[in-house]
Structure formats: C-alpha cells, structure tokens
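Here the structure comes first, spelled out in structure tokens, and everything after it is commentary.
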Amino acid sequence: QVQLVESGGGLVQAGGSLRLSCAASGSIFSINAMGWYRQAPGKQRELVAAIARRGSTNYADSVKGRFTISRDNAKNTVYLQMNSLKPEDTAVYYCNADIAYAYYSGSRDYWGQGTQVTVSA
C-alpha cells in the first residue's frame, strides 16, 4: 500500500554536493517522523538525520553543519541536502517514515529501497 522511493544518489567527488529525495505514496493518512539512515559496507546502519512533522530535526554528529534535512508535507517528501561530502559519507542511504494509513490506525514503519552515494577522494 505504501511505498517510499528514494532518488538523487550517485557518484561525487569529495567536497561536492548531492540532494536526496524520498517520496511516499499509497494509502497515507498522515506521516509522522521521517528520516535518513545510511549503511556502509561492513558497518551498522546508522541514523543520519530525522525530522518530525512540525519540523524539529536531529542530526548525527558526523554530518552536523554539512547536511540538512527538510520535508514537504504536501508532497509527502523528505529531502537530504548533503554538502561538503567526504569519502566517509559513502554508503547506501535509506529513507524511513512512520506512517498511519487511517485516522484510527497505529502508525507503521516503512523503508525505502536505498540509494547509493559514493564520494571519491
């Protein structure tokens, strides 16, 4: 019913920028928190940034000052603007959203398929 589709990943040189997008579609009554996670080879998945419906945000210390998360509630979309990229940012980035399909339903956690971000030295 609900699908999250990420886009915007790719290959970029160190110091460059990328903007990731994640659009939710399907049976959606409301979207609560949304966020971005990443997983590098051989590493655990980690939270990169999260944003509540009202706009409050949280960032991993490693990306503070470089990444900005935002959302467009009318479009059911969350974005991650990534500036001053470093090779250590290389990972698969996953979109996450807490979504309720009806007013009476509890929310459920959804994940996107992931988009590769590769930063070369």
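The values are calculated or read from the model by the stated rules, or taken from the named source; none is laboratory data. The shown structure was predicted, so the numbers you read here are calculated from the model rather than taken from an experiment. We place every Cβ from the backbone using ideal geometry, glycine too, and count neighbours over all the protein chains shown. Heavy atoms of the whole protein, side chains included, go into the accessibility calculation; ligands, DNA and RNA do not. Shrake-Rupley method; radii C 1.70, N 1.55, O 1.52, S 1.80 Å.
Here are some notes:
- Residue among ALA97, ALA121, ALA23 that alone is open to solvent by 50 Å² or more (accessible area, probe 1.4 Å) and among the aliphatic types (A, V, I, L, M): ALA121
- Condition met for VAL92 (in contact with a helix residue (DSSP H, G or I) (Cβ under 6 Å, 6 or more places away or on another chain), open to solvent by less than 40 Å² (accessible area, probe 1.4 Å) and either within 21 Å of GLY26 (Cα to Cα) or in contact (Cβ under 8 Å) with a residue 12 or more places away in the chain (or both)): no
- Condition met for TYR79 (closer than 24 Å to GLY10 by Cβ, open to solvent by 50 Å² or more (accessible area, probe 1.4 Å) and hydroxyl-bearing (Ser, Thr, Tyr)): no
- Among the residues of the stretch 5-17, those identified as open to solvent by 30 Å² or more (accessible area, probe 1.4 Å) and on the phi < 0 side of the Ramachandran plot are VAL5, SER7, GLY9, LEU11, GLN13, ALA14, SER17.
- Condition met for TRP36 (aromatic (Phe, Trp, Tyr), touching a residue at least 12 places away in the same chain (Cβ under 8 Å) and open to solvent by 60 Å² or more (accessible area, probe 1.4 Å)): no
This table checks each residue for (1) at pLDDT 95 or above; (2) among the charged types (D, E, K, R).
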| position | (1), (2) |
| --- | --- |
| GLU6 | yes, yes |
| GLY9 | yes, no |
| GLN13 | yes, no |
| PHE29 | no, no |
| TRP36 | yes, no |
| PRO41 | no, no |
| ARG45 | yes, yes |
| VAL48 | yes, no |
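- Among the residues of the stretch 86-117, the ones that are among the hydroxyl-bearing types (Ser, Thr, Tyr) and under 13 Å from LEU20 (Cα atoms) come to 3 in all.
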